[in-house]
Amino acid sequence: MSTRNRQWLINGNPRGRPIQLDDFREVEVELVPLASGQVRVRVDTLGFDPAQKGQLENVSGYAAGNNIGDVMPGSGIGRVIESKSERVPVGTHVLGRMGWQEVATVDAGSLQLLPDDVPATAWLGPLGTTGLTAYFGLLKVGVPEPGDTVVVSGAAGAVGSMVGQIAKLMGCRTIGIAGGEAKCAWLVDEVGYDAAIDYKNEPIKPRLKELCRDGINVYFDNVGGPALNDVLARIANHARVVVCGGIARYEQATLPDGPANYFNIVFRQARMEGFLLRGYEAEYEVARARLRAWIDSGDIVYREDIQQGFDNIPKTLLRLFSGENFGKQLLKL
Ligand SMILES: NC(=O)c1ccc[n+]([C@@H]2O[C@H](COP(=O)([O-])OP(=O)(O)OC[C@H]3O[C@@H](n4cnc5c(N)ncnc54)[C@H](OP(=O)(O)O)[C@@H]3O)[C@@H](O)[C@H]2O)c1
């Protein structure tokens, strides 16, 4: 067995600007001996999330900070190749905070052991933080009622595509906002959204007026920016605006002005509320069981965008910010 390990380290802080490839540096290091309770995992697949930009920016809060020279953090799945833990023997399939490296040395207690009866990558997407974020954000913060009109931004993304399907299962009408013809066609033809708005090729405001005559009851926002302002103009009485993410601002140098239409929250007696997935940890198991049942029955479909190769790891993160990813962004090492 090789005792060498290739890693991508943090090499720059992209705060207030787009991530660049030289924000990462490749190194090759010698593996250190395992301590008691640790295991060595051959990383097979990494998952990507826009919040990783926050992890590069040395901030605390939503995405806890890191330092220049640290291995870039990231979730992944892999097989245990060496173990000093009785709980996690060699050969076990695991999910955890692997980081951007070929071989991760981790505490066995931090790993989730994966069953072999669903494709392992599902644990990075619909059964992982992606699916859970959609589930809790929509059901606990959005509180959809049958007959509600639910609008979702970033709708063709990993979280957004799940939100639309859960909302449909709750008896809602769903409208997705996404960039490009192919993503919008997929939303309506395969994901089951009732309608899609291609924000890159048509203005959002008149389309919302046409599609949401009685107003918007729930807005699940992954994006912020101008779309949020357009939606606020059309919210229904007692609407719920769920702030999940704000990718439109993740690369900006200065904080954007607040949405001009925010006062409609007063007129419509509406609620706008942010959430963090980790606030619902105690309920993960129940949520996973429901998501699993919906996936097994075919009520929820999901799409993966799988890039290949250790060398392409940094480039793959950039795809989330250009909108090149189509479904949950993954990379097979
Ligand atoms: N609150 C929480 O606990 C929590 C947990 C996990 C994730 N999140 C947030 O959930 C959101 C979705 O995450 P994800 O993993 O599902 O990513 P994703 O939607 O699969 O990928 C990001 C998508 O954002 C869109 N985008 C990129 N730049 C944009 C811009 N300037 N304006 C508008 N759209 C833009 C692109 O789609 P188009 O091609 O359609 O533009 C891109 O495909 C992120 O904001 C993330 O930070 C929050």
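Bear in mind that the values in this text are calculations on the coordinates, not laboratory data. None of the values given here were measured: they were computed from a predicted structure. In this analysis, Cβ positions are derived from the backbone assuming ideal geometry, glycine residues included, and neighbour counts consider all displayed protein chains.
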Cα-based reach from Lys200 at 15 Å (exclusive), listing aspartates and glutamates while leaving out same-chain residues under 8 positions away:
Glu181, Asp230, Glu324
At 7 Å along the Cα-to-beta-carbon direction for both Val143 and Arg97, put a label point, then send me their distance in nm to one decimal.
3.3 nm
Which FRET efficiency, nearest 0.05, do Arg6 and Asn58 yield, Cβ-Cβ r, R0 30 Å?
0.80
From the phi angles alone, apply the Karplus equation (6.51, -1.76, 1.60; θ = phi - 60°) to the stretch 135-141 and give each ³J(HN,Hα) in whole Hz, x where the residue is Gly or Pro.
4, 6, x, 6, 6, 8, 9
What fraction of the Cα pairs in the chain, stated in percent, has a spacing above 27 angstrom?
46 percent
Listed residues Asn264, Leu333, Ala122: farthest to the positive end of the dipole of the chain (Cβ charges)
Asn264
Cβ-placed point charges (K, R +1; D, E -1), dipole of the stretch 129-278 about Cα centre in debye, nearest 20:
340 debye
Summed over the other residues with a beta carbon less than 14 angstrom from that of Arg97, with K and R at +1 and D and E at -1, the charge totals -2
Mind checking the full-extension length gain between Phe267 and Tyr284? Use 0.36 nm per residue of separation minus the Cα-Cα distance, one decimal, nm.
2.6 nm
Taking a ≥ b ≥ c as the square roots of the eigenvalues of the Cα gyration tensor, with a/c under 1.5 meaning rounded and otherwise prolate when a/b exceeds b/c and oblate if not, the stretch 8-148 is oblate
Please identify, among Val286, Val163, Val90, the residue showing maximal mean-square fluctuation in a Gaussian network model of the chain using a 10 angstrom Cα cutoff.
Val286
Restraint check, Lys140/Lys328; Lys140/Lys332; Lys53/Lys140, Cα-Cα greater than 28 Å:
Lys140/Lys332
Local electrostatic count, Ser75, Cβ distance below 9 Å [Lys/Arg +1, Asp/Glu -1]
0
Report the gain in length on full extension from Arg249 to Lys332: 0.36 nm times residue separation, minus Cα-Cα distance, nm rounded to one decimal.
27.0 nm
Order of Leu31, Leu330 from fewest to most other C-beta atoms within 10 Å?
Leu31, Leu330
List the lysines whose alpha-carbon lies under 25 Å from that of Lys205, not counting same-chain residues fewer than 8 positions away?
Lys168, Lys183
Anisotropy class of the stretch 129-278 from Cα gyration tensor, a/c 1.5 cut
rounded
Could you work out how much longer the chain between Asn237 and Asp116 gets when fully extended? Use 0.36 nm per residue separation minus the Cα distance between them, nm to one decimal.
38.9 nm
As a check on your grasp of the helix formula, calculate [θ] at 222 nm for the chain: sum -39500 (n - 2.57) over DSSP H runs of n ≥ 4, divide by the residue count, round to the nearest 500.
-6000 deg cm²/dmol
Around Gly137, what is the net charge, scoring Lys/Arg as +1 and Asp/Glu as -1 over all other residues with Cβ under 11 Å from its Cβ?
0
